[in-house]
Amino acid sequence: MSAEEERFKLVVVGGGGVGKSALTIQFIQSYFVSDYDPTIEDSYTKICTVDGKETRLDILDTAGQEEFGAMREQYMRSGEGFLLVFALNDRGSYHEVQKFHTQVLRVKDRDDFPIVLVGNKADLEQQRVISREDAQAFASDNGIHYMESSAKNRYNVDESFLELVKIIRRFQEMESTPPAAHHTGKQKSGGCPCVLL
Amino acid sequence: MALDAGSEQEKLDYTLNNKRRVIRLVTQWAAVHGYQLQEEDASVAFLQEFFMAASDDAKAIPAIRDQLTELGRIVKHNTEGARVSQKKHKVLLRQFSMGNEKLHKRQPIKGNDEILFKVYCCDHTYTTIRVPVATSVTEVTGAVADKLGSAEDLLLVNLSSAGEKLIFKPNDVSVFSTLSPNGRLFACRRDQLDSLTPLPEQEGPSTGSLASFELISSKDVAYHMTAYDWELFHCVHELELLYHTFGRQNVKKTTVNLDLFLRRFNEIQFWVISEVCLCSQLSKRVQLLKKFIKIAAHCKEYRNLNAFFAVIMGLSNPAVSRLSQTWEKLPSKFKKFYSEFENLMDPSRNHRAYRLTVAKLEPPIIPFMPLLIKDMTFTHEGNRTFIDSLVNFEKMRMIANTVKTMRHCRSQPFSPDSPLASKTHPEVRTYVRQLNVIDNQRTLTQLSHELEPRRS
Ligand SMILES: Nc1nc2c(ncn2[C@@H]2O[C@H](COP(=O)(O)OP(=O)(O)O)[C@@H](O)[C@H]2O)c(=O)[nH]1
Ligand SMILES: [Mg+2]
């Protein structure tokens, strides 16, 4: 493995008002500050350690750019992993997130890609209109991971992002494995789960 | 207080200083608001009262007289302005075109200007309403219901050419200017929502308009685009940025000039995609790519980064970028330019490439507006306005910094050596102001596949 620092671009997508910015800000600001300046280079960056390895994350959220559909596409194009966010108390946002799922695959021109589906606002349990089972079923059908979070209570915020990092790593490892080696890897996988690089 | 110990003279100095500061504050406050002050009776009344009080003071303290002249001028200007704008509302025709744009310099649109606007029904009939620009959604649906003679609760919907529906909230204001390029306003009952279909005219053109600009130099096209962008940009009031960020419905203020400027970004981008996708001849299409890359380069030279990004984003749209036969034929010089330009769009490290580039430029600059808006939004959402019920001044300072960025960009007038052609090509001037576009991504993708089917 190269000694170069690992760096991923994560894109947060979802309808308006589902809590994308809240999740992003919660994740990036681990503690409360009164002067969060979004114009400096590191303002959407967070360095964290996942499975013992340090990684630098660039979070892309199209805040305030709802009227620029193409900005979202632009962000999608450069994204290496996606958090697809909907609000558990908003059926419309759940339908919307399914459209975004299709859009991500189209922009990436892939059948699968590192994606975590996030049902946010888990704190509003009484107002929930999307059941965990439904969302989980959609996620499983599409081979993506599902998590429920609350940006308000800081529940599963870091976990969602970090889960995505793990999925990206697995995905990129598969990708970088040449087909032949991949083949042998698979053959060997019965006995030994390691992949030789 | 320490004042008691001071001499009479110190007391006087102290009073004088404070009074001068208050007057300076009011003067600056009026300058920041500009014409927007006149829209509020309370502000004008306050200015008048303040001027009277200050004039009284000046009798006892002659030293503040020099400030009074300036204050008096501001008060007079605003009082008269308010009277005039109450009497004479401009009527804006046809979706914010000013009608006789050739004759007049574009003026900012004000909240109490009136607009004539078509609102459509499910069956594609329409009714034309005439309302002030800052009208709320509830007032619009009220006006429509009146005309239709129906008492039912109507929803106001932005229907895009792709059939996407955006239902406006009742308290939102001045929504006319927020429609997508080919979007239309529809009014319907909730149970009619599913039966809403776009008008045929929303599809956009079925043939390209390359002929209108292929013989005109890219520099001239870029010049006219930039001249128009400057008109739009100049009309944006600094406060509109704040209203946009904090929610215009909360202050009942229009952000119409900003909306129209932001909308231009999408328009240019869809123009690029539409022209390429409507050009069936491969060799012409290669010419078109070259043309757009050159136009982008000239926009960049004019420091019109907004249009520059719009053109490059148009070219990087999947419907265009997938046309591999076309891109293959593009001379390598152009490929190199394009990939340099694309790198400037890279959002990594918080748009580092763009921020470094723009920091090196001198005004006049038209900044990449979507990013400016994002900075504002995140400053707002990432920082509390109040902390322990005290105003968070750190946040306000950051908001002000972004506003100042815009002020810096506009601090010099746009006055390049206008290409000679600008005089001899009035049709280009008109053309770039009335772009006909397809804004339905599905249609564009489909057209693109017809041009160059997927290779299997
Ligand atoms: N109760 C609750 N409210 C939330 C949560 N996350 C966000 N919100 C609120 O939902 C609204 C929209 O959030 P925002 O982050 O701006 O959504 P965005 O449009 O997706 O970026 C704000 O009022 C947030 O305070 C959550 O987990 N629980
Ligand atoms: Mg947001």
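The values are calculated or read from the model by the stated rules, or taken from the named source; none is laboratory data. Note that this is a predicted model, so its numbers are computed, not measured. Cβ coordinates were reconstructed from backbone atoms using ideal geometry, including for glycine residues, and neighbour counts include every protein chain displayed. The area values use the complete protein model at the heavy-atom level, side chains included, leaving out ligands, DNA and RNA. Shrake-Rupley method; radii C 1.70, N 1.55, O 1.52, S 1.80 Å.
Points to keep in mind about this one:
- Restricting attention to region B:27-51, the residues that are at pLDDT 90 or above and loosely packed, with under 11 Cβ neighbours inside 10 Å add up to 1.
- One residue stands out in region A:10-63 among those that are assigned to a loop (DSSP other than H, G, I, E, B) and within 8 Å of ligand 1 (Cβ to nearest atom): the one that is modelled with the lowest pLDDT, namely A:63.
- So residue B:211, is it touching a residue at least 40 places away in the same chain (Cβ under 8 Å) and not assigned by TED's automatic domain parsing to the domain that holds residue B:150: no
- Unique match (being at the interface with chain B (Cβ under 10 Å from one of its Cβ atoms) and either over 30 Å from residue B:259 (Cβ atoms) or touching a Leu at 6+ places or on another chain (Cβ under 6 Å) (or both)) among A:141, A:42: A:42
- Summed over region A:112-167, residues that are open to solvent by 70 Å² or more (accessible area, probe 1.4 Å) and within 16 Å of ligand 2 (Cβ to nearest atom) total 1.
- Given (1) at pLDDT 90 or above; (2) outside any loop (DSSP other than H, G, I, E, B); (3) charged (D, E, K, R), index of the condition residue B:146 fails: (1)
- Residues of region A:15-47 satisfying the condition of being of a type outside the set (Gly, Ala, Ser) and closer than 30 Å to residue B:167 by Cα: A:18, A:20, A:23, A:24, A:25, A:26
- Whenever a residue of region B:381-408 is at the interface with chain A (Cβ under 7 Å from one of its Cβ atoms), its partners that are open to solvent by 100 Å² or more (accessible area, probe 1.4 Å) and within 16 Å of ligand 1 (Cβ to nearest atom), lying with C-beta atoms within less than 7 angstrom and at least six residues away or across chains, give the pairs B:392/B:384; B:392/B:386.
Yes/no per residue for (1) under 30 Å from residue B:448 (Cβ atoms); (2) not charged (D, E, K, R):
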site: B:226; (1), (2): yes, yes
site: B:245; (1), (2): no, yes
site: B:250; (1), (2): no, yes
site: B:267; (1), (2): yes, no
site: B:281; (1), (2): yes, yes
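- Across region A:61-95, the number of residues qualifying as within 26 Å of residue B:322 (Cα to Cα), open to solvent by 10 Å² or more (accessible area, probe 1.4 Å) and within 16 Å of ligand 2 (Cβ to nearest atom) comes to 5.
- Apart from one condition, residue A:170 fits all of (1) at pLDDT below 95; (2) open to solvent by 70 Å² or more (accessible area, probe 1.4 Å); the exception is (1).
- Looking across region A:145-184, the residues that are assigned to a loop (DSSP other than H, G, I, E, B) and either aromatic (Phe, Trp, Tyr) or in contact (Cβ under 8 Å) with a residue 60 or more places away in the chain (or both) come down to A:149, A:151, A:152, A:154.
- Selected residue [under 22 Å from residue B:354 (Cβ atoms) and within 14 Å of the chain's Cα centre (by Cα)] from A:37, A:58, A:42: A:58
- In region A:49-77, the residues that are facing chain B (nearest Cβ under 7 Å) reach residues that are part of a strand (DSSP E or B) with C-beta atoms within less than 6 angstrom, at least six apart or across chains, in these pairs: A:58/A:9; A:58/A:45; A:60/A:11; A:75/A:11; A:75/A:60.
- Failed item, numbered, when residue A:23 is tested on (1) surrounded by fewer than 23 Cβ atoms within 10 Å (Cβ to Cβ); (2) more than 10 Å from chain B (Cβ to nearest Cβ); (3) in contact (Cβ under 8 Å) with a residue 24 or more places away in the chain: (1)
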